[in-house]
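Novice: After the structure tokens below, expect a handful of questions from me.
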Amino acid sequence: DWERKYLYGDVLRGVIGTVSNHDQGIPYELKSHYLEKGYALNDRVGLSNLEYQYEHLLKGTKSIYKINSDNSLELLKAGYRGKDIVLTIDINLQIEVERILEELILKAKKEPNTEYFDKAFVIISDPKTGGILAYAGKQIVFKDGGHVFYDYAPYLSTTTITPGSVVKGASMAVGYKTGAISIGTRMLDECIKIKNTPEKCSWRSGLGTLDDIAALKLSSNSYQFKIAMKVGKGAYRYNAPLTVDPKAFDTYRNIFAEFGLGAKTEIDLPNEISGYKGNSTVSGHLLDFSIGQYDTYTPLQLSQYINTIANGGKRMALHFLKEIRAETMTEEIGKLESTYEPKVLNTVNLDPKYMDRIRLGFREVVRTGLGYGYMGNVPNGAGKTGTSQSF
């Protein structure tokens, strides 16, 4: 028999997953899956996440014995342990990220209006390969006069969030692709009023007349609303009804999916979901969609989306697997058998000059815009802020 050793305690344990114990064997819900692969009901198997995903590599081979006429056993073939897998995770970075995450959640809980805030996530990945370097989620629970943190990382592929303005890079791509805007297009930031609905405004009124870079830097909602109305062929007048072409929702979703928003990242974890897609085609919801306030996405999808912008337009599959190592009968890691080959899922169908424009806008967010100061003095930093209205 065998036991797992966890050299770093509970760090990343939820993502590594679990294996069945001596008495459990194959649980009922996984019986068909494993029996079809030749397992016995009392075999110990991977039950979740990476243990389940890579069970076919990690499992060992049983010894084969002959039962002699006197009931003694004769060894015919010795068993050996399974292969090893090496992950892309930087364990020192992972440990530090988890520590910082807990520290900042506690700090945030001291701020006003945080009654419902109880969790935060961090994913650090390589935009060129899709390799996951750190993968953390923490949920805080207060009880008995104190608090406890729970590992939320296993749910980053199955939990959806309302992303808010983070998606505006993809929204700009919709504008460029459809011809609703071009490089340098200037529009007045103003509240949009559709009949019988509240005004839709930017986070601050009076941002002025903005071009596409300033619209990203200052995160103008109004700029995106006006793009959406053009994409939807809507004739807008203040406080009048607005009708948009329902096909505009498909236009947005198809282009967003090229960046990874609303499409599975193909992470090597079981049960990944693709997010929630609203089924309403009300004109106001198209405007909401353009600023990340309608469809929801997983934290993994946001990671893939930002990677796609960072690397210039290639949507890379996210992955934990780095290497597969041969079986050994010692404590030493085996010889290298294979290395994960980065996988390009698609390339965003957008003229490179527009992708460069989005990247420039993201640089300005961090250099002089709403993201100023969040990344310290990192040279050439780029990113996008976002605040969701969640209920």
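The values are calculated or read from the model by the stated rules, or taken from the named source; none is laboratory data. Just so it is clear, the structure is predicted and the values come from calculations on it, not from any experiment. Here Cβ is always computed from backbone atoms with ideal geometry, including for glycine, and neighbour counts include all displayed protein chains. These accessible areas exclude ligands, DNA and RNA; they are computed on the full protein's heavy atoms, side chains included. Shrake-Rupley method; radii C 1.70, N 1.55, O 1.52, S 1.80 Å.
Novice: Taking a threshold of 31 Å on the Cα-Cα distance, which of the pairs LYS177/LYS322; LYS31/LYS143; LYS107/LYS384 fall above it? Walk me through the intermediate numbers first.
Specialist: On the way: LYS177/LYS322 36 Å; LYS31/LYS143 38 Å; LYS107/LYS384 22 Å.
Listed pairs above 31 Å: LYS177/LYS322; LYS31/LYS143.
Novice: Next up: HN-Hα J couplings of the stretch 166-179 from phi, Karplus 6.51/-1.76/1.60, θ = phi - 60°, integer Hz, Gly and Pro as x?
Specialist: 3, 7, 5, x, 5, 4, 4, 4, 4, x, 5, 4, 8, x
Novice: How large, in percent, is the carbon and sulfur part of the accessible surface of the chain at a probe radius of 1.4 Å?
Specialist: Looking at the chain in its full context, I get 51 percent from C and S.
Novice: Kindly express, to the nearest 10 degrees and within the range 0 to 90, the angle between helix 299-310's C-alpha long axis and the longest C-alpha principal axis of the chain.
Specialist: That helix lies at roughly 70 degrees to the long axis.
Novice: Right, another one. Read phi for every residue in the stretch 199-208 and hand back ³J(HN,Hα) as whole Hz from Karplus 6.51 cos²θ - 1.76 cosθ + 1.60, θ = phi - 60°, with x for Gly and Pro.
Specialist: Karplus-based 3J(HN,Hα) across the stretch 199-208 equals 4, 10, 10, 6, 4, 9, 6, x, 6, x Hz.
Novice: A follow-up question, please. Collect residues whose amide H, placed 1.01 Å from N in the peptide plane, falls under 5 Å from the amide H of ASN346; neighbours closer than 5 in sequence don't count.
Specialist: Long-range HN contacts for ASN346: ARG315.
Novice: Relative to the longest principal axis of the chain, what angle (0 to 90°, nearest 10) does the C-alpha long axis of helix 247-259 take?
Specialist: The answer is roughly 50 degrees.
Novice: A further question on this structure: Convert each backbone phi in the stretch 316-330 into a coupling constant with the Karplus relation 6.51 cos²θ - 1.76 cosθ + 1.60 (shift: θ = phi - 60°), then list the ³J(HN,Hα) values in order as whole Hz, x for Gly and Pro.
Specialist: Ordered by residue, 3J(HN,Hα) equals 8, 4, 7, 7, 9, 6, 10, 9, 10, 10, 5, 5, 9, 10, 10 Hz.
Novice: Under a Cβ-only charge scheme (Lys and Arg +1, Asp and Glu -1), can you give me the dipole magnitude of the chain about the Cα centre, in debye to the nearest 20?
Specialist: Dipole about the Cα centre, nearest 20: 1620 debye.
Novice: At 1.4 Å probe radius, can you tell me the per residue accessible area of the chain in Å²?
Specialist: Heavy-atom accessible area per residue stands at 53 Å².
Novice: Another question about this same structure. Just need the relative contact order of the stretch 273-324 here, percent rounded to a whole number, with Cα pairs under 8 Å and 6+ apart.
Specialist: Averaging sequence separation for qualifying contacts and normalising by length gives 29 percent for the stretch 273-324.
Novice: Compute the signed sum of charges (Lys and Arg +1, Asp and Glu -1) over the other residues within less than 9 Å, Cβ to Cβ, of TYR152.
Specialist: Once positives and negatives cancel, what remains is +1.
Novice: Starting from the amide H of THR387, placed 1.01 Å from N in the peptide plane, find each other amide H under 5 Å away whose residue is 5 or more places distant or on another chain.
Specialist: SER165, VAL166
Novice: If you don't mind, there's one more thing I want to ask. Positive end of the charge dipole of the stretch 219-281 (Lys, Arg +1 and Asp, Glu -1 on Cβ, about the Cα centre): tell me which of PHE256, THR243, ILE227 has its Cα farthest that way.
Specialist: So the residue we want is THR243.
Novice: I would also like to ask the following. Within the set of other residues whose C-beta is less than 11 Å from the C-beta of LYS66, count the net charge using Lys and Arg as +1 and Asp and Glu as -1. The partial results should precede the final answer.
Specialist: Values: positive: LYS77; negative: GLU74.
After counting each charged neighbour, the total is 0.
Novice: Moving on to the next point. If I take every Cα pair under 8 Å that is 6 or more residues apart in the chain, average their sequence separation and divide by the length, what percent do I get for the relative contact order?
Specialist: 18
Novice: Quickly rank 65-74, 89-98, 323-332, 38-47 as a protection proxy: mean count of other C-beta atoms within 10 Å, highest first. Don't skip to the end; give the middle numbers.
Specialist: Working: 65-74: 8.4, 89-98: 16.6, 323-332: 12.2, 38-47: 15.0.
Put in order of decreasing packing, that is 89-98, 38-47, 323-332, 65-74.
Novice: Same structure again: Once you've got the Cα coordinates, tell me which of LYS5/LYS62; LYS119/LYS230; LYS5/LYS110 are over 31 Å apart.
Specialist: Details: LYS5/LYS62 20 Å; LYS119/LYS230 37 Å; LYS5/LYS110 38 Å.
Pairs exceeding the cut-off: LYS119/LYS230; LYS5/LYS110.
Novice: Between 0 and 90 degrees, rounded to the nearest ten: what's the tilt of helix 91-108 against the longest Cα principal axis of the chain?
Specialist: With both axes taken from Cα atoms, the answer is about 50 degrees.
Novice: Once you order the gyration tensor axes a ≥ b ≥ c over the Cα atoms, which shape class does the stretch 155-201 get: rounded for a/c under 1.5, otherwise prolate or oblate by comparing a/b with b/c?
Specialist: It comes out oblate by the Cα gyration axes.
Novice: Turning to a different aspect of this structure: Taking only DSSP H segments of four or more residues, each worth -39500 (n - 2.57), what value at 222 nm results for the chain once the sum is divided by all its residues, to the nearest 500 deg cm²/dmol?
Specialist: After summing the helix terms and dividing by the residues of the chain, the value is -8500 deg cm²/dmol.
Novice: What are the extents of the Cα atoms of the stretch 302-377 along their three principal axes, in Å, largest first?
Specialist: 57, 33, 16
Novice: Can you spot the aspartates and glutamates whose alpha carbon is less than 19 Å from LYS77's alpha carbon? Ignore those fewer than 8 places along the same chain.
Specialist: ASP1, ASP43, GLU327
Novice: Follow-up. Could you compute the net charge surrounding TYR39? Neighbours are other residues with a C-beta less than 10 Å from the C-beta of TYR39; K and R count +1, D and E count -1.
Specialist: Around TYR39, the charge tally is +1.
Novice: Right, something else. With a 1.4 Å probe and all protein chains kept in place, how much accessible area does TYR276 have, in Å² rounded to the nearest 10?
Specialist: The value for TYR276 is about 120 Å².
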